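Encoded as structure tokens, the structure appears first; notes follow it.
Every number here is computed from the coordinates shown, using simple stated rules; none is lab data. Since the model is a prediction, treat every value here as computed from it, not as a measurement. Cβ atoms come from the backbone with ideal geometry, glycine included; neighbour counts cover every protein chain shown.
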Amino acid sequence: MPTAAVTNAEKTPKSAGPKAQKKDKGGDRRLKRIDVTMKRNQYKPDALIEVLHAAQEAFGYLDEAVLLHVARGLKLPLSRVYGVATFYHLFTLKPSGAHNCVVCMGTACYVKGGGKVMEALQAELGIEVGETTPDGQVSLMAARCLGACGIAPAVVYDGEIAGKQQPDQAIAKIKELQG
Ligand code: FES
């Protein structure tokens with residue numbers, strides 16, 4: 001967990017920028033999901049990770065406009081929000097592919113073969129963690145723990161969690177998603 005210090009030089013953004021403002025005007029429901037999460041946590045800065053999770057669930061990735069929106073809502077410097085978003089592998093700042101695959105690399109999953117599943121998917125897709133295939137079909141990501149250690153190793157395919165995954169199963173699932 002990064003401990004980005006808040007200095008006087010860091011300013012809390014007052015505006016979420018043109019892109020976010022445009023989304024605000026349009027009443028983007030995804031931004032409302034983020035707002036609901038921030039409100040539920042009483043806009044406390046400590047809720048940053050939970051809010052970023054909600055944002056990524058809503059958008060699939062965290063672009064600058066979304067990070068600004070979160071920074072403004074929690075009254076945090078953008079540098080702090082950006083620092084946390086880039087520290088955790090579960091968060092991605094790049095647009096996702098048409099399909100997402102998140103392999104849990106937490107301890108329980110790793111010892112049960114999560115690392116082998118990840119290696120197999122990297123080889124199959126020809127990409128590294130955090131990347132999207134050149135055809136824009138699949139984004140491959142890693143999580144630290146999905147909270148499903150009992151079914152380790154776990155993989156999330158397009159938001160649906162699957163347990164006890166083996167490399168060949170994961171590759172078959174990816175091929176299925178790709179059509
Ligand atoms: S370590 Fe993978 S779900 Fe907890």
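Multiply the residue gap between Glu57 and Val36 by 0.36 nm, knock off their C-alpha separation, and tell me the result in nm, one decimal place.
6.2 nm
Classify segment 80-144 as rounded, prolate or oblate from the Cα gyration tensor: take a ≥ b ≥ c as the square roots of its eigenvalues, call it rounded if a/c is under 1.5, otherwise prolate when a/b beats b/c and oblate if not.
oblate
Which value in nm describes the separation of the simple spin-label points at Arg144 and Ile161, placed 7 Å from the Cα toward the beta carbon?
Here the modelled spin labels are 1.7 nm apart.
Under a crude label model (7 Å from the Cα following the beta-carbon direction), how far is Gln137 from Gln178 in nanometres?
In this crude spin-label approximation the distance works out to 0.4 nm.
Which residue, His89, His99, Ile171, has the largest displacement toward the positive end of the dipole of segment 65-179 when charges sit on each Cβ (Lys, Arg +1; Asp, Glu -1)?
The residue sitting most towards the positive pole is His89.
Taking R0 as 41 Å, what FRET efficiency do you get between Tyr43 and Thr107 from their Cβ-Cβ distance, rounded to the nearest 0.05?
0.80
Treating the beta-carbon of each Lys and Arg as +1 and of each Asp and Glu as -1, no other charges, what is the dipole magnitude of segment 71-179 about its Cα centre, to the nearest 20 debye?
The calculation lands at about 580 debye.
Assuming R0 = 22 Å, what is the FRET efficiency of Glu64 and Phe87, from their Cβ-Cβ distance, to the nearest 0.05?
The computed FRET efficiency comes out at 0.85.
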